[in-house]
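Report on the structure given below.
The values are calculated or read from the model by the stated rules, or taken from the named source; none is laboratory data. Source: prediction; values computed, not measured. Here the Cβ positions follow ideal geometry from the backbone for every residue, glycine too, while neighbour counts run over all protein chains shown.
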Amino acid sequence: MAQSNLKLRMLEAFRFRMFSFLAIVFILFLVLIVQLINMQLVQGEEYMLKSKLNMESNIPIPAPRGEIYDRNFQPGGENTVIVSNRPSFNLSTIPARFESKSELRKTIKKLSVLLQISYDETMQFINEHNPWERVVIKEDVAFSLIVKIASHKNLFPNIDWEDEPVRVYNMGNNFFHTVGYVGSISKDEYEKYRGRGYKYYQKIGKAGIESEYDVVLRGTDGFIRRIVDVRNRVEGEEIGLNPIAGNNLVLTIDSDVQAAASDAMEGLKGAVIVLKPFNGEILAMVSKPDIDPNLVISRANNKLIRELYNDKDKPFLNRAIQARYPPASTFKLVIAISALEEEKWNPNLTYYCTGKYTLKGYVDKDFYCYKHHGLLDMYGAIAESCSTYFYQLGYKIGPTIILKYAEYMALGEKTNIDIPGEITGFIPSKKYKMKTFNQPWYDGDTINLSIGQGFISVTALGLADFVSGIVNDGVVYRPHLVREIRSPDNAQVIKRIVPEKIREIPLSQVTLNTLKTGMRLSVKQGTSRRLSYLKIPVAGKTGTAQTRSVRKDDKTQHAWFVSYAPYNSNPENAVVIVVLVEYGIAGAVGAVPVAEQIYLKLISLGYF
């Protein structure tokens with residue numbers, strides 16, 4: 001009996017211990033469940049934020065963009081560097097790192113005072129971005145400020161600094177419209193290019209070569225890996241990936257010729273193109289007015305950039321490829337081609353210029369020449385730019401043939417030069433006039449067309465391409481600005497640009513000889529005779545484009561001059577120069593002197 005009582009007491013003790021053990025386990029599980037609920041539901045957002053903050057923080061190291069050299073580049077030599085880079089620092093942050101919006105605003109307010117930047121604009125810029133993406137607060141920060149921020153990290157939590165090369169445009173204004181410039185990638189650009197590996201913090205080419213060859217120039221970014229805690233204290237740092245610099249470019253442009261063209265156009269509005277017709281290489285391309293690209297690459301200069309965009313003189317407009325003008329008397333070369341190729345005229349046939357041409361009709365209308373030339377053949381008419389001669393010639397040929405040859409010469413097409421933004425010229429038609437003005441094509445329209453006025457318009461580069469075809473006996477090459485793509489150390493040529501034939505115009509030798517002879521006479525004794533003293537024989541054609549219905553001898557007219565040298569030499573040695581000066585009075589007055597300075601520079605550099 002005693003034994004049974006003992007067993008009963010032991011069993012009850014076991015049960016009590018078991019119950020106590022299970023109770024403790026249950027309470028522990030209950031506490032664990034409550035804590036999990038607290039962590040997941042009550043404080044889930046806070047702990048998720050902390051878990052993201054207590055992790056690797058990757059600070060990007062932007063790759064240096066490739067350098068850009070002029071055409072005289074020699075490996076290992078003392079080369080002209082048109083565009084290079086210099087070291088600098090950016091300040092950035094990831095907004096989501098801050099415990100609250102008020103903490104972010106407090107830090108940015110202190111930072112804006114130190115950096116002398118607008119607090120409101122900075123906060124607006126930050127709010128436009130994803131809070132988990134890195135936002136650059138200020139670019140190109142002085143090293144002294146970086147030291148100050150680093151030594152007072154407690155006052156500027158979650159603010160990082162990183163190296164970023166800054167683009168340096170060593171030639172200032174001279175190359176603005178050819179090389180272009182870089183800027184921060186916009187939201188639209190990021191959405192468009194993110195699939196191609198572009199990052200939200202990167203710079204991107206905005207115009208010119210910087211834009212067209214952006215993929216070649218931009219390289220591959222690296223990053224620094226930092227281990228940080230919830231207070232953003234760095235626990236470790238290492239280079240996760242070294243940046244790879246972009247490839248370098250060698251241009252077709254000669255920086256000395258470019259500078260001469262830019263100097264010759266100083267204070268004027270218009271464009272200059274200097275190219276080699278034998279292969280399409282552009283030696284100089286200038287558009288005025290222009291801008292120093294070093295002033296527009298920083299977000300800090302947004303106010304200046306807005307002012308420049310709103311400037312009535314349109315300095316961002318590349319007048320060489322993005323503006324159309326009446327070709328004026330330069331179009332007389334197309335009239336001559338039309339007449340000779342259709343065998344409707346002989347270059348030796350003469351016409352007497354009395355200073356005007358009367359178009360007979362219900363009401364007779366007089367069309368004037370700028371002077372009384374007397375008896376002229378086609379050679380003399382080109383040389384003297386006699387409008388009366390070409391009124392008669394154009395009327396005889398008719399608009400259908402003239403417009404056909406204008407299209408044949410591709411004056412209404414793009415040249416497809418290797419920078420963005422090129423527009424086409426415009427060649428009208430009878431259908432165009434009826435559709436636009438609800439009027440038929442009149443004989444007076446043909447008379448105006450015969451001297452490059454009326455509805456027709458061309459670009460400066462399109463006209464340069466046309467003249468190149470004359471010089472090159474009908475063969476036209478695509479104009480281009482880049483000669484070579486080289487590796488970052490310049491040791492390897494990755495790609496050499498091969499001249500690309502885009503057109504071959506089978507003009508007769510009679511036509512070619514007539515045009516060239518007339519253009520040479522223009523320099524020897526005609527409207528371009530200012531250049532007759534030069535050591536090399538120049539051939540050219542002036543043009544004066546009216547911008548009013550009534551011609552006036554004032555600055556309401558654009559000045560053209562198209563030319564090449566040396567006359568009658570191997571096309572391989574020739575150089576074409578096209579000059580347009582807006583409101584330049586007349587071709588001989590406004591454009592020829594510009595070409596004169598460029599020819600003098602080409603002669604001094606040994607191009608002929």
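Of the residues making up the stretch 317-347, those that are part of a loop (DSSP other than H, G, I, E, B) and either under 17 Å from Gly425 (Cα atoms) or at pLDDT 95 or above (or both) are Leu317, Asn318, Arg319, Ala320, Ile321, Gln322, Ala323, Arg324, Pro326, Pro327. Among the residues of the stretch 316-337, those identified as closer than 25 Å to Asn416 by Cβ and not aliphatic (A, V, I, L, M) are Phe316, Asn318, Arg319, Gln322, Arg324, Tyr325, Pro326, Pro327, Thr330, Phe331.
Residue pairs whose Cβ atoms lie under 6 Å apart, separated by 6 or more positions or on different chains, with the first residue in the stretch 108-130 and in contact (Cβ under 8 Å) with a residue 24 or more places away in the chain and assigned by TED's automatic domain parsing to the domain that holds Ser92 and the second of a type outside the set (D, E, K, R) and not in a helix (DSSP H, G or I), are Ile126/Val135; His129/Val135.
Reported count of residues in the stretch 351-374, each being part of a strand (DSSP E or B) and farther than 17 Å from Gly394 by Cα, is 1.
Counting only helices (runs of 4 or more DSSP H) that sit completely within the stretch 378-487, those holding 3 or more residues that are over 26 Å from Val579 (Cα atoms) correspond to 387-397, 399-408, 430-437, 443-449. Only residues that are surrounded by fewer than 24 Cβ atoms within 10 Å (Cβ to Cβ), under 25 Å from Asn416 (Cβ atoms) and hydrophobic (A, V, I, L, M, F, W, C) were counted in the stretch 266-300, giving 1. The criterion of at least 1 residues that are out of contact with any Lys or Arg (no Cβ under 9 Å at 6 or more places or on another chain), polar (S, T, N, Q) and surrounded by fewer than 20 Cβ atoms within 10 Å (Cβ to Cβ) is met by the following helices (runs of 4 or more DSSP H) wholly inside the stretch 144-228: 208-212. What do you reckon, is Phe466 in contact with a Phe, Trp or Tyr (Cβ under 9 Å, 6 or more places away or on another chain) and among the hydrophobic types (A, V, I, L, M, F, W, C)? No. Only one entry in Ile297, Ile273 is within 23 Å of Asp256 (Cα to Cα) and touching a residue at least 40 places away in the same chain (Cβ under 8 Å), namely Ile273. Only one of Tyr368, Tyr351, Tyr389 is in contact (Cβ under 8 Å) with a residue 60 or more places away in the chain and either assigned by TED's automatic domain parsing to the domain that holds Ala261 or farther than 22 Å from Thr517 by Cβ (or both). Can you tell me which? One residue alone meets the criteria, Tyr368. Just one of the numbered conditions (1) closer than 30 Å to Leu251 by Cα; (2) part of a helix (DSSP H, G or I); (3) acidic (Asp, Glu); (4) touching a residue at least 24 places away in the same chain (Cβ under 8 Å) is not true of Glu103: (1). Scanning the stretch 459-475 for residues that are under 26 Å from the mean Cα position of the chain (by Cα) and of a type in the set (A, V, I, L, M) turns up Ala460, Leu461, Leu463, Ala464, Val467. Note down all Cβ pairs under 8 Å where the first residue falls in the stretch 68-79 and is assigned by TED's automatic domain parsing to the domain that holds Gly172 and surrounded by 10 or more Cβ atoms within 10 Å (Cβ to Cβ), the second is in a loop (DSSP other than H, G, I, E, B) and aliphatic (A, V, I, L, M), and they're at least six residues apart or on different chains. Close Cβ pairs satisfying both conditions: Asp70/Ile253; Arg71/Ile253; Pro75/Ala491.
Is it the case that Asn438 is without any contact (Cβ under 8 Å) to a residue 12 or more places away in the chain, surrounded by fewer than 13 Cβ atoms within 10 Å (Cβ to Cβ) and not assigned by TED's automatic domain parsing to the domain that holds Phe175? For Asn438, the condition - without any contact (Cβ under 8 Å) to a residue 12 or more places away in the chain, surrounded by fewer than 13 Cβ atoms within 10 Å (Cβ to Cβ) and not assigned by TED's automatic domain parsing to the domain that holds Phe175 - is met. So the check is Cβ under 6 Å with 6+ separation or different chains; which pairs have a first residue in the stretch 395-421 that's without any contact (Cβ under 8 Å) to a residue 12 or more places away in the chain and surrounded by fewer than 19 Cβ atoms within 10 Å (Cβ to Cβ) and a second one that's of a type in the set (A, V, I, L, M, F, W, C) and assigned to a helix (DSSP H, G or I)? Within 6 Å, no pair qualifies. Taken over the stretch 571-608, residues that are over 22 Å from Ala259 (Cα atoms) and without any contact (Cβ under 8 Å) to a residue 60 or more places away in the chain amount to 2.
Residues checked against (1) more than 37 Å from the chain's Cα centre (by Cα); (2) at pLDDT below 85:
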{"position": "Leu111", "(1), (2)": "no, no"}
{"position": "Ser118", "(1), (2)": "no, no"}
{"position": "His129", "(1), (2)": "no, yes"}
{"position": "Val135", "(1), (2)": "no, yes"}
{"position": "Leu155", "(1), (2)": "yes, yes"}
{"position": "Asp163", "(1), (2)": "no, yes"}
{"position": "Arg167", "(1), (2)": "no, no"}
{"position": "Gly172", "(1), (2)": "no, no"}
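A search for C-beta distances below 7 Å between a residue of the stretch 304-328 that is closer than 19 Å to Asn294 by Cα and surrounded by fewer than 24 Cβ atoms within 10 Å (Cβ to Cβ) and any residue that is at pLDDT below 95 and among the hydroxyl-bearing types (Ser, Thr, Tyr), counting only pairs 6+ apart in sequence or on different chains, returns Phe316/Tyr309. For the stretch 266-289, check the following and say yes or no: at least one residue is over 25 Å from Ala595 (Cβ atoms) and not in a helix (DSSP H, G or I). Checking the stretch 266-289: not a single residue is over 25 Å from Ala595 (Cβ atoms) and not in a helix (DSSP H, G or I). Would you point out which residue out of Val458, Val475, Val471 is surrounded by fewer than 22 Cβ atoms within 10 Å (Cβ to Cβ) and among the β-branched types (Val, Ile, Thr)? None of the other options fit; the residue is Val475. Set side by side, the residues Gln492, Gln453, Gln509 differ, and just one is of a type outside the set (Asp, Glu) and within 30 Å of Thr358 (Cβ to Cβ), which is Gln453. Among the residues of the stretch 545-566, just one is more than 20 Å from Leu461 (Cβ to Cβ) and modelled with pLDDT of 95 or more, namely Pro566. May I ask you to list the residues in the stretch 358-375 that are over 22 Å from Gln546 (Cβ atoms) and at pLDDT 90 or above? Correct list: Gly374, Leu375. State all residues of the stretch 567-585 that are at pLDDT below 95 and crowded, with 24+ Cβ neighbours inside 10 Å; if no residue qualifies, say none. Scanning the stretch 567-585 gives a single hit, Gly584.
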